[in-house]
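Q: First the structure, which I've put down as structure tokens, then a few questions once you've had a look.
The values are calculated or read from the model by the stated rules, or taken from the named source; none is laboratory data. Only a predicted model underlies this, so the values are computations on that prediction, with no experimental measurement involved. Cβ atoms come from the backbone with ideal geometry, glycine included; neighbour counts cover every protein chain shown.
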Amino acid sequence: MQKVLEGSQAIAEAVALCRPQVIAAYPITPQTHIVENLSRLVANAQLKCEFVSVESEFSAASVILGAAMAGSRSYTASASQGILLMAEVLYNIAGMRVPLVLTCANRAISAPLSIWNDQQDSMAVRDAGWIQLYCANNQEAVDTTIQAYRIAEACELPVMVCVDGFTLTHTLEMIDIPEARQVDAFLPDFQFSRQLDVQHPHSAGTLLSPDYYSEARHAHHQALLNAQQVILESDTAWEKIVGRSAGKLVSIVGNPDADIAIIALGSVLGTLEEAQEIYTHLPSRLIKLRCFRPFPTATICAAIENAKHVIVLERALSLGSGGILGTEVRSILHTLDNPPIIHNFAIGLGGRDIPVEIYPQLIEACKDTHPPYFQIFDVDLQKLPEEDR
Amino acid sequence: MTEVSIPIEQLRQQQPRYQGISPGHRACLGCGQALAARLVTEASGPDIMIANATGCLEIFTTPWPESAWKVPWMHSLFENTGAIASGIEAALKAQGKSSKVIAMGGDGGTFDIGFQALSGMLERDHNILYICYDNEAYMNTGVQRSGSTPHAAMTNTSPPGKARMGKRHLKKDIISIIASHHIPYAATASVAYPSDIRKKVRRAMHIEGPTFLQIHAPCPLGWGHDGSQSIAIARLAVETGLFPVIELERGALANVMPIRNIQPVTAYLKAQQRFRHLFKKADQRVKEELAHLQALADHNIEVYGLQSDHTDKLDTRGAALVHRRGKHWA
């Protein structure tokens, strides 16, 4: 049903449609509206579940881990410092191969303190072993949340659904909230092969010796790589029900043969799509990366093939190295016959607005055939003391 | 020494049949924690799910692909056991299942790093029994001081020397902090009194809501005594008043295990290498520390009313020396 909803409320409704039995909630801006909306659904008996208001994000992640291990579909959401506080549990959840879904309302990391959007938080835990799906708009957030449960439970891997804080979570949009019967047809009842069971007791989370640890890591890595197929199948199955894709692993907008390709994650993709429509004389192929983990190497290679320039935009960086996404895109260039020139920018950090006017500037930047390895796009050096420039 | 007049076969038959933890695990000889864990599962029965904090118990029972546990058991991390147990309990509630959730951790995982998650668990009124195996230091990492380490005890991070007499600070009064959550039932127990542990576990199993049991469990390696002396030393901790065995209901003191023959703290301290620096030479520092430790024991005896004037001699040492409201304690 088409509704005008705030992103957070739409996500909460999508979560409720998945019928989680346990929700762990801890407030943090800009995620808080999601769990507030869920608590209202519980209070009004529209959602029957155990709503556990924990004392920290660390416990939020731990509660849903315990709950899933005990056989219940579970959910939590967080952002920024909360994701970092959870980090140890996030690795643990993934290593135990527990199917869970978490929404990350992407926000910058302190210090300097910022409550506004960038993607440093989810990027900081990119190696934890979770599937990470980034949403370009709130419709994708709704559809991806529902798909995330199917993917998580089919792969026995946790899924982090990343939505840009404020830009998506606090924006009102016309959103199609699917019918309960559509979700029920798409999402089977919760099943987890290794759930704790009094009738068939087993031990989980045990000590592993060096004789087995490498094999466990291999299995986990392989499971993530294999998840690409499940992510694609889930999107296709969902498209059959509601008539729209949530973005596959990667999707391309604009001229797929344009010399200039732009690759990015999250809500900036919406801005760039609009820019393409405005600046029609500046053609580009926009590579919308939805699935960052597993990193869809082959799909990205195909998408950037024959491009002369690839602009990699990201809302995070690896301080002292450069771009995170940029580095990963560079790492696959050796498989191409004519590797493109990479222009890697961090942009929109700590909530800095990304207007459509950046588009011609980005295209202009491609005139540089020897671009710097990486730079933060819109730094005003005049704001910095001499020694920091 | 005590003579046992009951034939051993008859004694064996009196042992509970069920044990949730199998022999063959890798605990040290005389491990108080292994004994306590076995006693807990004897009393709990098989209809439980265990969340176990990182620590010796987790390590020595589950070297993959083996496990000593005969009940559903999971380990996640060091400091989130209260929250893991909360999640399990919430899921069981949502599924309409009634298995009891038992959380287990050592003193490091309970007094220190896992305290926040435990406090949250108690505050949220989850139906969970939390067991703290208190061996008074980080034993799994090789004996480092914890918030539970007693004053003056030597550990590898509180060594005695020219400037120090072992741990400078007091043992954290965890049971009072737990009791301040006004949970239905909180108690302390000691591996020296096995049937008391079973009784307290059984009681907690029947309470709907959060319950807490702190079990004093000697660690021969960390305390520096022979494994054969674990029970004797645990008993001395109780008999000196250094480890009061008490029960609290909704935060109020409900019962104590009275001590008939109160022992001087030196009897307990001398038996352990971790206090040997207190007996090397009788200088002023040593005198002050011993007086301080005796004062701590005396304080416990006074505030909990541990001294018993019962003259009945129905039983022998151990459980026999303690009575509960005129009836046998154990």
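Q: Go through region B:102-139 and give me each residue that's more than 14 Å from chain A (Cβ to nearest Cβ) and surrounded by fewer than 24 Cβ atoms within 10 Å (Cβ to Cβ). Walk me through it before giving the result.
A: Keep residues of region B:102-139 that are more than 14 Å from chain A (Cβ to nearest Cβ), which gives B:106-108, B:110-112, B:129, B:131-139.
Of everything in region B:102-139, just one residue is more than 14 Å from chain A (Cβ to nearest Cβ) and surrounded by fewer than 24 Cβ atoms within 10 Å (Cβ to Cβ), namely B:Asp112.
Q: Would you pick out the residues in region A:200-229 that are among the polar types (S, T, N, Q) and surrounded by 19 or more Cβ atoms within 10 Å (Cβ to Cβ)? Spell out how you get there, then give the answer.
A: Our first condition is that a residue be among the polar types (S, T, N, Q); within region A:200-229, this holds for A:203, A:206, A:209, A:214, A:222, A:226, A:228-229.
A:Ser203, A:Thr206, A:Gln228, listed by residue number.
Q: Are any of the residues in region A:96-111 touching a residue at least 60 places away in the same chain (Cβ under 8 Å), within 14 Å of chain B (Cβ to nearest Cβ), within 21 Å of A:Gln228 (Cβ to Cβ) and surrounded by fewer than 24 Cβ atoms within 10 Å (Cβ to Cβ)?
A: Within region A:96-111, one or more residues are touching a residue at least 60 places away in the same chain (Cβ under 8 Å), within 14 Å of chain B (Cβ to nearest Cβ), within 21 Å of A:Gln228 (Cβ to Cβ) and surrounded by fewer than 24 Cβ atoms within 10 Å (Cβ to Cβ).
Q: Ok, one more. Considering (1) surrounded by fewer than 22 Cβ atoms within 10 Å (Cβ to Cβ); (2) β-branched (Val, Ile, Thr); (3) more than 7 Å from chain A (Cβ to nearest Cβ), say which one B:Ile59 fails and leave the rest.
A: B:Ile59 satisfies every listed condition except (3).
Q: Working only within region B:184-216, note down all residues that are more than 21 Å from B:Lys97 (Cα to Cα) and part of a loop (DSSP other than H, G, I, E, B). Don't jump to the end; show me each part of the working.
A: So the first thing to find is which residues in region B:184-216 are more than 21 Å from B:Lys97 (Cα to Cα), and the list is B:184-200, B:212-216.
Once the filter is applied, which keeps residues that are more than 21 Å from B:Lys97 (Cα to Cα) and part of a loop (DSSP other than H, G, I, E, B), region B:184-216 yields B:Pro184, B:Val191, B:Ala192, B:Tyr193.
Q: Also, quick follow-up: Determine, yes or no, whether B:His323 is modelled with pLDDT of 95 or more and within 20 Å of the chain's Cα centre (by Cα).
A: Judged against the criteria, B:His323 is not a match.
Q: Then there's this: When region A:178-216 is examined, which residues are found to be assigned to a helix (DSSP H, G or I) and either away from chain B (no Cβ under 14 Å) or of a type in the set (Phe, Trp, Tyr) (or both)?
A: Across region A:178-216, the qualifying residues are A:Ala180, A:Arg181, A:Gln182, A:Val183, A:Asp184, A:Ala185, A:Phe186, A:Tyr212, A:Tyr213.
Q: Further question: For A:Ile231, are the conditions met, namely being assigned by TED's automatic domain parsing to the domain that holds A:Phe295 and more than 30 Å from B:Ile59 (Cα to Cα)?
A: For A:Ile231, the condition - assigned by TED's automatic domain parsing to the domain that holds A:Phe295 and more than 30 Å from B:Ile59 (Cα to Cα) - is not met.
Q: Looking at region A:342-350, is at least one residue on the phi > 0 side of the Ramachandran plot and either touching a residue at least 60 places away in the same chain (Cβ under 8 Å) or not in a loop (DSSP other than H, G, I, E, B) (or both)? Spell out the reasoning first.
A: Within region A:342-350, the first condition is being on the phi > 0 side of the Ramachandran plot, and the residues that meet it are A:348, A:350.
Subsequent filtering for residues that are either touching a residue at least 60 places away in the same chain (Cβ under 8 Å) or not in a loop (DSSP other than H, G, I, E, B) (or both) retains A:348, A:350.
Yes, that holds for at least one residue.
Q: Given the structure, is B:Arg202 in contact with a helix residue (DSSP H, G or I) (Cβ under 8 Å, 6 or more places away or on another chain) and within 30 Å of B:Ile88 (Cα to Cα)?
A: yes
Q: Looking at region B:64-83, which of its residues are crowded, with 24+ Cβ neighbours inside 10 Å and either more than 7 Å from chain A (Cβ to nearest Cβ) or among the hydroxyl-bearing types (Ser, Thr, Tyr) (or both)?
A: B:Ser76, B:Glu79, B:Thr81, B:Gly82
Q: Quick check on this structure: which one of A:Asp176, A:Asp184, A:Asp197, A:Asp189 is over 28 Å from the mean Cα position of the chain (by Cα) and surrounded by fewer than 18 Cβ atoms within 10 Å (Cβ to Cβ)? First the steps, then the outcome.
A: On the way: A:Asp176 fails: over 28 Å from the mean Cα position of the chain (by Cα); A:Asp184 fails: over 28 Å from the mean Cα position of the chain (by Cα); A:Asp189 fails: over 28 Å from the mean Cα position of the chain (by Cα).
Going through A:Asp176, A:Asp184, A:Asp197, A:Asp189 in turn, the sole match is A:Asp197.
Q: Something else now. Considering only residues that are at pLDDT 90 or above and of a type in the set (D, E, K, R), which ones fall in region B:1-39?
A: Selection gives B:Arg26, B:Arg38.
Q: Could you run through region A:256-288 and say how many residues are assigned to a helix (DSSP H, G or I) and charged (D, E, K, R)?
A: The total comes to 3.
Q: Would you please list the contacts, defined by Cβ atoms under 6 Å and residues six or more apart or on different chains, that run from a residue in region A:46-63 that is under 17 Å from A:Pro158 (Cα atoms) and assigned by TED's automatic domain parsing to the domain that holds A:Val125 to a residue that is assigned to a strand (DSSP E or B) and modelled with pLDDT of 95 or more?
A: Taking only residues 6 or more apart or on different chains, the pairs are A:Glu57/A:Ser78; A:Ala60/A:Ala24; A:Ala60/A:Thr76; A:Val63/A:Ala24; A:Val63/A:Val52.
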